[in-house]
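Here's the structure we're looking at; comments come further down.
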Amino acid sequence: MTNTATKTTIEYDDTPVRQFMIASIAWGIVGMLVGVLIATQLAFFQLNFNTPWLTFGRLRPLHTNAVIFAFVGNMMFAGVYYSTQRLVKARTASKFLSQLHFWGWQAIILAAAVTLPLGLTRGKEYAELIWPINIAVALIWVVFGINFFWTLGRRNERSLYVAIWFYISTIITVAMLYIVNHLSIPTSLTHSYPIFGGVQDALVQWWYGHNAVAFFLTTPILGIMYYFLPKAAGRPVYSYRLSVVHFWSLVFLYIWAGPHHLLNTSLPRWLQSLGMIFSLMLWAPSWGGMLNGLLTLRGAWDKLRTDPVIKFFVAGVTFYGMSTFEGPLLSIRPVNALAHYSDWIIAHVHAGALGWNGFMAAGMFYWLAPRLWNRPLHSVAAANMHFWLGLVGILLYVSSMWVSGITQGLMLSATHENGTVLANPNFLDAVTSTMFLMHIRALGGFMFLAGFIILAWNIWKTASGAQAVNGTVEVFVEEKPKAMGLIGGFANAPVIFITLLIVFAMGWGALPRVASGICLWAFLGTFMAMIAHKEFTKATWGQWYERLLENALPFTVLTAVSVFIGGIVQIIPTVIIDTAENIEGVRQIPYTPLELAGRDIYVREGCYNCHSQQIRTLVGDVLRYGDYSKMGESIYDHPYQWGSKRTGPDLAREGSKYPNSWHFFHMRDPRQISPGSRMPNYPWLFTDQTDIASLRRKIEVQRKLGVPFKETTKDEIAASCLAQGEEIVANLKTASAETTPDREIVALISYLQKLGKSEKVGPHGEQPAEPAKTEPPKTAAK
Amino acid sequence: MFHRILVEEWQRVLTTISFGIFLVTFGIIALRTWRMPRESIRRLENLPLENDTNDHE
């Protein structure tokens, strides 16, 4: 056999690496600054400045989106572009696509930074961006994917290192999650309703939300860890075998765990159980990966004292271990009962975002900057100072939120008299008791931000006046072996036999008696045939797997299959089930046009950031808010508004709990009604007019989505809104609250007074057996 | 009423099925990984350590 390899020099395209790195630092500072502001708002409500675009409800989505998509997103792209080129020994396939990716992504972030404070939102956490931006995200993601896979196609290294596997899983899974969770029908250029509603929307949202953490904040950063940590330590990863097990276990398990965000809610119990069990199983691969990262430093631990890059990486991987220990712990139903809706969850996500993502980003930037600008880091001392400021900042933040969360959980669930009376009926007691911890949290966040400003200064000083350089390498370009292709990858004995075995095993377990028996025999027959095939052909199936690892296309399909399985099992049954027939005997009464307008104001102001609409199947919740929420009570809610945090009380049964005037004065100045409240004032609701003109189109879209609105004309809608508005205004007048029917406050009151209104129906959704009934709370809880 | 009534019956087997799925997947992957040739492991784990001109600075 002749060796046809030729030697050639490749110059990597490191321009996008520099661009994404600078963008990540800049947007990271913006995102963290907004985070510090909103953390301080929870201690000092005055910092909402009575200004719509500066209120907590609108800025919190800006903070989360900026940190996830702008800070970590740009950091991830920098790491992927740098490491992929070097791991596959090929220059990025298209400079044009790299630039389109970079500038497109920045335009998306800029659009988000403008629209979110304006209150243009879809009302779903980490999925708030409006539909035109969603389309832009999907398109730019495809551009990234094409450029990445095209680069793999041009590679001069046959094998795909495990970091590349993590990147592949990220590209495939994020595309799937993002598209499904953002399926919406537009009502205007800036507004849409998601196609899923109620429990379906909740499930799809957290399937996305959880896996955004998994496949946007974790898998790409693990790929970065597997490349940059060995580089920084100057030795190979501790165990490559362990990294392979880490990858497949993580990719297979992660996708199932989403429902742990909905424990003790009206989500079907089988989904809750699946979410909990798979979350617990995640412990193993996560810790396998964490230990693999840390043990890579074997024999190089002395560098920990002197090299800031290693410091950041070691602390980052340690926080990964902490977060992935805490995550499964919080997914255990009784632990979740205490922690959910409290600051404990905030502590958990910040240990991940600041500790894992923030420190891995810092380590990578300090490692990259001297190489990208061909000059030593400006100040190692400043990098060390950044490390300690950041570390103390995280610890202050996380520990204060742990204490705050556990205090809130304990206080709000505590009962007397054998569990029949709430120990702390006033919700605000839990808020005021943890107030000093909000100050500590803001201080911790500020310290972390200060550290990142030092990083920005340090890298600026390193780069300024220096020449930007691209890495070059000499490689031997070999004639490429014949690719497996998709058909070759899957139309072969191992895949066919294993697929048949799985299908027959499932049929054996799930089908009725005779068919089940046939499946059992078919299973045994297939098994015998498989043994015979191996015996006669002397096939070694391991070769198929080994070849798969060198063939990006079939490997990508296999990865996609691994993640699709969990999604299909969880999402399909819940989405195709007839919601009208599975509502537990209670069905939501649809909104009137004015109530729908009020609901859109509720969504616009981001009320879901502090208020849930879901009474859990827990004693504390039921005593405080009334009977637990049923599936049918939110089936017409597009988007669902169950929330994930209770800085204020649950609102699922807020309707008729207080008079209209209570809401009127409460929205104008919450402290007038609830002394000690941290809620912002909403003065603009008293001056701005309700958008009635858009209601016709909105109702039309709601009808398409299955909400039983009557077909109405524009005039009928206006008349209906006016009549209901006048009724509320007249009622308000009796309590000396003056306004006019066309003000937003009136629409919002109409919505708040509708919350929890439902009708009893038969087991298959028949018409009401008796008049609508709303159960009041059993104690005088506020 | 597929919630909390019919589905409660599942609870006992669901945990076992979940464990079974994971065990099979994990077992296959662990076996394949364990049987990876040592020279292949050595080559793969050293891929990030191959330097380019940037690394010589």
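The values are calculated or read from the model by the stated rules, or taken from the named source; none is laboratory data. Computed from a prediction, not measured in an experiment: that's the story for all the values here. For neighbour counting, all protein chains shown are included, and Cβ atoms are generated from backbone atoms with ideal geometry for every residue, glycine included. Accessible surface is based on the protein model in full, side chains and every heavy atom, while ligands, DNA and RNA are left aside. Shrake-Rupley method; radii C 1.70, N 1.55, O 1.52, S 1.80 Å.
Taking the range A:566-607, which residues are of a type in the set (V, I, T), at pLDDT 70 or above and not in a helix (DSSP H, G or I)?
Of everything in the range A:566-607, those that are of a type in the set (V, I, T), at pLDDT 70 or above and not in a helix (DSSP H, G or I) turn out to be A:V586, A:I589, A:T592.
Go through (1) within 30 Å of B:E39 (Cβ to Cβ); (2) more than 11 Å from chain B (Cβ to nearest Cβ); (3) touching a Leu at 6+ places or on another chain (Cβ under 6 Å) for A:P285 and report which single condition fails.
The failed condition is (2).
Here is a check on your reading of the model: is A:T8 open to solvent by 20 Å² or more (accessible area, probe 1.4 Å), within 14 Å of chain B (Cβ to nearest Cβ) and polar (S, T, N, Q)?
yes
Going by the conditions given, is A:W256 within 13 Å of chain B (Cβ to nearest Cβ), assigned to a helix (DSSP H, G or I) and either open to solvent by less than 10 Å² (accessible area, probe 1.4 Å) or modelled with pLDDT under 95 (or both)?
For A:W256, the condition - within 13 Å of chain B (Cβ to nearest Cβ), assigned to a helix (DSSP H, G or I) and either open to solvent by less than 10 Å² (accessible area, probe 1.4 Å) or modelled with pLDDT under 95 (or both) - is not met.
Of everything in the range A:714-724, what is free of Cβ contacts under 8 Å to residues at least 12 places away in the same chain and open to solvent by less than 100 Å² (accessible area, probe 1.4 Å)? Give them in sequence order.
Answer for the range A:714-724, where residues must be free of Cβ contacts under 8 Å to residues at least 12 places away in the same chain and open to solvent by less than 100 Å² (accessible area, probe 1.4 Å): A:E716, A:A719, A:A723.
How many residues does the range A:239-248 contain that are assigned to a helix (DSSP H, G or I), open to solvent by 10 Å² or more (accessible area, probe 1.4 Å) and not hydrophobic (A, V, I, L, M, F, W, C)?
Looking only at that region, the number is 1.
Is it the case that the range A:314-325 has a residue that's surrounded by 24 or more Cβ atoms within 10 Å (Cβ to Cβ), in contact (Cβ under 8 Å) with a residue 60 or more places away in the chain, within 22 Å of A:N609 (Cα to Cα) and aliphatic (A, V, I, L, M)?
No, the range A:314-325 contains no residue that is surrounded by 24 or more Cβ atoms within 10 Å (Cβ to Cβ), in contact (Cβ under 8 Å) with a residue 60 or more places away in the chain, within 22 Å of A:N609 (Cα to Cα) and aliphatic (A, V, I, L, M).
Please determine, by comparing only the residues of the range B:20-40 that are buried (at least 18 other Cβ atoms within 10 Å of the Cβ) and not basic (K, R), which one is nearest to A:E546 (Cα to Cα).
For the range B:20-40, the residue satisfying everything is B:T33.
Being open to solvent by less than 10 Å² (accessible area, probe 1.4 Å), closer than 22 Å to A:L338 by Cα and assigned to a helix (DSSP H, G or I) is the requirement here; does A:L222 meet it?
No: the conditions fail for A:L222.
Please determine whether any residue of the range A:368-389 is out of contact with any Lys or Arg (no Cβ under 6 Å at 6 or more places or on another chain), part of a loop (DSSP other than H, G, I, E, B) and either away from chain B (no Cβ under 14 Å) or without any contact (Cβ under 8 Å) to a residue 12 or more places away in the chain (or both).
Yes; the residues of the range A:368-389 include at least one that is out of contact with any Lys or Arg (no Cβ under 6 Å at 6 or more places or on another chain), part of a loop (DSSP other than H, G, I, E, B) and either away from chain B (no Cβ under 14 Å) or without any contact (Cβ under 8 Å) to a residue 12 or more places away in the chain (or both).
Only one of these conditions is not met by A:F476: (1) within 14 Å of chain B (Cβ to nearest Cβ); (2) over 34 Å from the mean Cα position of the chain (by Cα); (3) in a helix (DSSP H, G or I); (4) modelled with pLDDT under 85. Which number is it?
(3)
So which residues in the range A:188-199 are surrounded by fewer than 19 Cβ atoms within 10 Å (Cβ to Cβ) and of a type in the set (F, W, Y)?
Residues satisfying the conditions do not exist here.
Of the residues A:I108, A:I185, which single one is touching a helix residue (DSSP H, G or I) at 6+ places or on another chain (Cβ under 6 Å), open to solvent by 10 Å² or more (accessible area, probe 1.4 Å), in contact (Cβ under 8 Å) with a residue 40 or more places away in the chain and over 30 Å from A:Y240 (Cα atoms)?
Selected residue: A:I185, the only one of A:I108, A:I185 that is touching a helix residue (DSSP H, G or I) at 6+ places or on another chain (Cβ under 6 Å), open to solvent by 10 Å² or more (accessible area, probe 1.4 Å), in contact (Cβ under 8 Å) with a residue 40 or more places away in the chain and over 30 Å from A:Y240 (Cα atoms).
Have a look at A:E711, A:E738, A:E727 and point out the one that is within 27 Å of A:R122 (Cα to Cα), surrounded by fewer than 17 Cβ atoms within 10 Å (Cβ to Cβ), without any contact (Cβ under 8 Å) to a residue 24 or more places away in the chain and acidic (D, E).
A:E711
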